[in-house]
1. Kindly check whether there is at least one residue in the stretch A:113-121 that is within 23 Å of A:VAL299 (Cα to Cα) and touching a helix residue (DSSP H, G or I) at 6+ places or on another chain (Cβ under 9 Å).
2. Report the residue count in the stretch A:96-108 for those that are more than 21 Å from B:MET89 (Cβ to Cβ) and in a loop (DSSP other than H, G, I, E, B).
3. Only one of B:LEU208, B:LEU229, B:LEU197, B:LEU225 is modelled with pLDDT of 95 or more and over 30 Å from B:ARG114 (Cα atoms). Can you tell me which?
4. If you check A:LEU289 against the conditions, is it open to solvent by less than 20 Å² (accessible area, probe 1.4 Å) and part of a helix (DSSP H, G or I)?
5. Report whether or not A:GLY280 is out of contact with any Gly (no Cβ under 8 Å at 6 or more places or on another chain) and on the phi > 0 side of the Ramachandran plot.
6. With respect to A:LEU82, determine if the residue is modelled with pLDDT of 85 or more and among the aliphatic types (A, V, I, L, M).
7. Restricting the search to the stretch A:96-117, which residues are among the hydrophobic types (A, V, I, L, M, F, W, C) and surrounded by 20 or more Cβ atoms within 10 Å (Cβ to Cβ)?
Amino acid sequence: MNRTAGRTRWALVAAAALLLACMAAGLLAGAAGLSPGSVLYALLDRLPFVSLDSGLLPVEQGVLFELRVPRVLLAALVGGLLAIAGAGYQGVFRNPLADPYLLGAAAGAGLTVTVVIVALGDSGAVPVAAFAGAVGGVLLAYALGNTAGRGGGTATLVLAGVAVTSFLTAVQTFVQQLKVEELQRVYAWILGDVGGGWPQLAMVAPYALVSVVVMLAHGRLLDVLAVGDEEAASLGLHARRVRFAVLLAASLATAAAVAVSGLIAFVGIVVPHVVRRLAGWSYRIVLPLSLLGGAAFLVVADLVARTVLAPAELPIGVVTAFVGAPFFVLVLRLTRRVET
Amino acid sequence: MIGARGVGVRLGGRQILTDVGLSVPAGAWLAVIGPNGAGKSTLLKAVLGLVPHQGEVLVQGRDVRGLRPRERARLIAYAPQNPVLPPDMTVADYALLGRTPYIPYLAGETAHDRDVTRSVLARLDLSELAARPLGRLSGGERQRVVLARALAQQAPVLLLDEPTTALDLGHQQQVLELLDRLRLADGLTVVTTLHDLTLAGQYADTLLLLSKGRTAASGPPGQVLTEDLVTAHFHAHVRITRPYGRPAVHLERPGNRSAPPG
C-alpha cells in the first residue's frame, strides 16, 4: 500500500512538471517573439524582493503581462476546472460517460448568454449571464430529478438533465432565430475562448478555489461510493450527502469555467479517462491529476488555437476535439486491457 | 445480541415483511431460509437499518434506528448478495473500505487501519492477492475478499446475504467452514440467508423459515427442516435424512417416491 502512495506522489510531480512546461510554452509562443530568458527575468522581476532587468520594451512587457500571462492562466484554470468537474460527475454517477455538462449547465448557460447577446448586443454581462445560466440549469435538473424520482436515484437525475438540456436548447434556438444577425457571436461564444484577461480570472478564482478544495477533500468518499449506495450506507456513509456535496462543487466549477470560456467540449470527459488509464481508479488520484492534466491540456489547446493559423485564431473548442479525440484513441490503444 | 420483534417492512406499497421476530445470542449463527421472494434479504436490511421498518431491532441492546450510521457500521458488518466489485480496485484497497466507519468524514486512513486490513487479508489467505484487481478474481476469491472487507470492519455482528451464491460445491464448503472458524475464534454473531437448506442445516445453530414475509418456523435445524414444513413452504418433494445428527434435505422426483433406487 505504501507503494501506491509513492506512485501517487510521483504521478502528481510529473503532472505538475508537465503543466509548468505547457505553461512555459504558452507564454513563449506568439507573434511578439519574446526570448525565453527575458520572459523568465520579467516574471522573476515581479516577485517581491527580486529586481531584474529583463530587457523587454514596455510594449513587450504589456504583451507578456496583459495578454499572455492571463491567457495561459485562464486556459489552465478552465481546463483544470472542467476536467476535475468531469471526474467528479463520473464519480457521483458512477458512469464513465458523465461530463460536466450532463445536468444542463451548458444548455442553461447557452440560453442566458444568447438572451443577453440578443437583447443587449455584445456586453460585459456575458460572463455573469453564463454563470447564472449554468447554475440555473443544474438546479432545474436537480429539482426535477428529486420530484420525479423519490429517494434521490442517480438515474432519474441523469434523465432530468437530459430533459432540461433539450428544453433549454430548444428555447435557446428559438431566441437565436429571433435575431439571426447575432448568430455568429453566439456561436463564437459557444465554441469557447480563453482571452478574457485578468478581470475574468479574478471573477471566477474564488468559485474555482472553493469547488476544487471541496472536490479534492471528497476523493476517499467517492472511492467508497464506488461499491454502491447500499454498501456505502452499511459502512456508515451517507451516500446522498457525499453525492450532493460533490455535485454542488462540480457544478460550481463548471459554471465558473463556462462563465469565462464558453462551452469547451471534450476536456471534462477525456482528461479523467486518460488519467484513469494511466494512474488507476482511485478518485484520490484521479481528481488532482485531472485538475493538473486538464489545465495542461487546455493550455496546449489554446497554444495550437492561436498559432496554427496565425494571425487568425481557431476556436479553442474546435482544437480540444480535433487534438483530443485522436489523443484519446491513442491512449486507449496504448493502455489496452482485457475487458472483463 | 440481536433481538427483533414485530418487524414489518413495506416497500413500494407492498408488504414485504409482517411481524417477524428473531433472537440471536452472542456468538451464535442464525440462517434465514425460505422460498424466493419470502423477504430474506429484506429482513437483513431491516436489521441493518437500511430499509424503513416497523417494530424493534436491538443489537447489543441498542435500537438500530437510534444509532448514528458510523456507530452502527462499527457494530454490524454487511455483505449483500451481489456485492459491487469495481474491476480496477485492488483487493487491498477494497478490504480497506471496511475501515470507513473509523475514519472521520474528510480524513484519510491511519497506519492502524492499514495494519488491521493487512492482518485480515493474511487471515483469509489473501495476502498474495493484495495487489490484484477485483476484476481478475475467481468466484471463490471474490467471496473471500468480500468477507475480508466485512471483517476489516471489526464489528461483532456479521450479516451475510447468500454468501455462497454462484460458488461450486467445494467453494461453498470452504467459505462456510472459514466463516464458522472466524465466528468461533472471534466470538462473532452471524446471520446469513442461505438458499441451500442442507448447508443451512449443517452450519447454523438456529434456522428461521420465512414464507410470504412471515415467520413460518424457527428453532434448531431439526425442528425447522421437516418434510412437512419444506413441502408446505417450498412446494418441493423432499426426503430428510440426518447424517450427523443434523438434517440434510434431498430432492425426490415425484414419480420415484415408491420405487427403490436401482
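1. no
2. Going through the stretch A:96-108 one residue at a time, the tally reaches 6.
3. B:LEU208
4. Yes.
5. Here the answer is yes, as A:GLY280 does meet what is asked.
6. For A:LEU82, the condition - modelled with pLDDT of 85 or more and among the aliphatic types (A, V, I, L, M) - is met.
7. A:ALA98, A:LEU102, A:LEU103, A:ALA105, A:ALA106, A:ALA107, A:ALA109, A:LEU111, A:VAL113, A:VAL116, A:ILE117
Condition check ((1) in contact (Cβ under 8 Å) with a residue 12 or more places away in the chain; (2) under 30 Å from B:HIS112 (Cα atoms); (3) away from chain A (no Cβ under 12 Å)) across all residues:
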site: B:GLY6; (1), (2), (3): yes, no, yes
site: B:LEU11; (1), (2), (3): yes, no, no
site: B:THR18; (1), (2), (3): yes, no, yes
site: B:SER41; (1), (2), (3): yes, no, no
site: B:LEU67; (1), (2), (3): yes, yes, no
site: B:ARG70; (1), (2), (3): yes, yes, no
site: B:PRO80; (1), (2), (3): yes, yes, no
site: B:ASP93; (1), (2), (3): no, yes, no
site: B:GLY98; (1), (2), (3): yes, yes, no
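The values are calculated or read from the model by the stated rules, or taken from the named source; none is laboratory data. Quantities reported herein were computed from a predicted structural model and do not represent experimental measurements. FYI the Cβ positions are ideal-geometry reconstructions off the backbone, even for glycines, and counts take in every protein chain you see. Just so you know, the surface numbers come from the protein's heavy atoms only, side chains and all, with ligands and any DNA or RNA stripped out. Shrake-Rupley method; radii C 1.70, N 1.55, O 1.52, S 1.80 Å.
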